[in-house]
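Presented below is the structure to which this report refers.
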Amino acid sequence: MTSVAESPGSGPSVQTETEDDGHSVGVVTRSVSWVLDAIAINLVAIMSGLGAQLILSIFPISPSFASILKPIAGVIYIIWCGAYFVVFWSWTGQTLGARMMQIRLLAAHGGRVKPARAVVRWVGMTLAMLPLFAGFAPILVGRRGFPDWLAHTVVIRAPQLSLAEARRAAVRTARDGQRTPPSATSPGPKPSASASDDGSGPPREVSSFPSNAQRQTSASLTSDHDANAAITAVQRTSDSPPDRGSAERPAECAQACRRSVLPRAEPSTNGRA
């Protein structure tokens, strides 16, 4: 049975293979992962114990209080062991040893392990160790062990890049992005295109510069506007009292202004006016 699950904290999905496919994580890989986790747990416990002993050596304590500290230290050690597995299983699905061995813990349906399920698996793992690790015997025949059966979880292979390789890949990607020229990433605007006049032909490009016909039309409109303005000025002048030397016929003056403003018609090529 194959299921697709999304690895916690990452975008792409990971194809998982459960024990029914015969490709489950074997005993050797799990044992190496457990040994690495045990080394990490005991190193932290030893360092914490040495620090506590150094602090207690500075302050004098009574023998009765010293006898109570030993059971308290044992309880703290058990809580620390449980918190180590529960936090890592419910957070990323990988402890430090599991990450180094490239394996991951998931729920049976392929999702992330919840904290309650992680606690149940840790309890099952502790119980499986009591009768000479008999709870892990089914793993030898390709089946789920007692902890996975109790918590409904599976252990899958999760190949991934190491921290050094991931850092090198990120640096390489950033370097390639800086080398990319700006023109390749931001192309300039493309000329707009419009359909043909009859709608049947291919679209043709529209130029942003005015054509000759548009220039002639604009010049004609400008000339008409100037002529109208000149006529209006002459009419306003005719409405006011005439001065000495002013024109007696304002209409003729307006026509003269129009002829002076409007361009003359050019003769045609065939000689006709």
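The values are calculated or read from the model by the stated rules, or taken from the named source; none is laboratory data. Note that the structure is a prediction, hence the values are computed from the model and not measured. For neighbour counting, all protein chains shown are included, and Cβ atoms are generated from backbone atoms with ideal geometry for every residue, glycine included.
Counting just the residues of segment 109-121 that are in contact with an Asp or Glu (Cβ under 9 Å, 6 or more places away or on another chain) and of a type in the set (Gly, Ala, Ser), which one comes out surrounded by the most Cβ atoms within 10 Å (Cβ to Cβ)?
Taking segment 109-121 as the starting set, the residues that turn out to be in contact with an Asp or Glu (Cβ under 9 Å, 6 or more places away or on another chain) are 110-112, 121.
Next cut, of a type in the set (Gly, Ala, Ser) only: 110-111.
Details: GLY110: 18, GLY111: 13.
By that ranking, first place goes to GLY110.
Would you mind finding the one in SER31, SER48 that is in a helix (DSSP H, G or I), surrounded by 15 or more Cβ atoms within 10 Å (Cβ to Cβ) and at pLDDT 90 or above?
Details: SER48 fails: surrounded by 15 or more Cβ atoms within 10 Å (Cβ to Cβ).
That would be SER31, the only listed residue that is in a helix (DSSP H, G or I), surrounded by 15 or more Cβ atoms within 10 Å (Cβ to Cβ) and at pLDDT 90 or above.
Only one residue in LEU105, LEU150, LEU127 is part of a strand (DSSP E or B) and within 16 Å of GLY82 (Cβ to Cβ), so which one is that?
Values: LEU150 fails: part of a strand (DSSP E or B); LEU127 fails: part of a strand (DSSP E or B).
The conditions single out LEU105.
Can you say whether THR92 is modelled with pLDDT under 95, surrounded by fewer than 21 Cβ atoms within 10 Å (Cβ to Cβ) and either under 30 Å from the mean Cα position of the chain (by Cα) or basic (Lys, Arg) (or both), as far as the supplied structure shows?
Values: modelled with pLDDT under 95: yes; surrounded by fewer than 21 Cβ atoms within 10 Å (Cβ to Cβ): yes; either under 30 Å from the mean Cα position of the chain (by Cα) or basic (Lys, Arg) (or both): yes.
Yes.
Taking segment 130-147 on its own, how many of its residues are part of a helix (DSSP H, G or I) and touching a residue at least 60 places away in the same chain (Cβ under 8 Å)?
Number of matching residues: 3.
If I filter segment 142-201 down to residues being of a type in the set (Lys, Arg) and surrounded by 10 or more Cβ atoms within 10 Å (Cβ to Cβ), which single residue comes out as modelled with the highest pLDDT? Outline the logic, then answer.
Step one: list which residues in segment 142-201 are of a type in the set (Lys, Arg), which gives 143-144, 157, 167-168, 172, 175, 179, 190.
When the remaining residues are screened for being surrounded by 10 or more Cβ atoms within 10 Å (Cβ to Cβ), the result is 143-144, 157, 167-168, 172.
Values: ARG143: 84, ARG144: 88, ARG157: 91, ARG167: 82, ARG168: 86, ARG172: 87.
Per the stated criteria, the residue is ARG157.
Could you please find all residues in segment 95-108 being within 10 Å of THR153 (Cβ to Cβ) and either surrounded by fewer than 19 Cβ atoms within 10 Å (Cβ to Cβ) or among the hydroxyl-bearing types (Ser, Thr, Tyr) (or both)?
Quick first cut of segment 95-108, residues within 10 Å of THR153 (Cβ to Cβ) only: 105-108.
ALA107, ALA108, listed by residue number.
Output the number of the condition that MET100 fails; it satisfies all remaining conditions of (1) closer than 26 Å to VAL28 by Cβ; (2) assigned to a loop (DSSP other than H, G, I, E, B).
Status for MET100: all satisfied but (2).
When you scan segment 51-73, how many residues do you find that are surrounded by 10 or more Cβ atoms within 10 Å (Cβ to Cβ) and of a type outside the set (A, V, I, L, M, F, W, C)?
Number of matching residues: 2.
Return the residue satisfying two criteria in turn: it lies in segment 34-45 and is touching a residue at least 40 places away in the same chain (Cβ under 8 Å) and of a type outside the set (A, V, I, L, M), and of such residues it is surrounded by the most Cβ atoms within 10 Å (Cβ to Cβ).
If we take residues in segment 34-45 being touching a residue at least 40 places away in the same chain (Cβ under 8 Å) and of a type outside the set (A, V, I, L, M), then ASP37 is surrounded by the most Cβ atoms within 10 Å (Cβ to Cβ).
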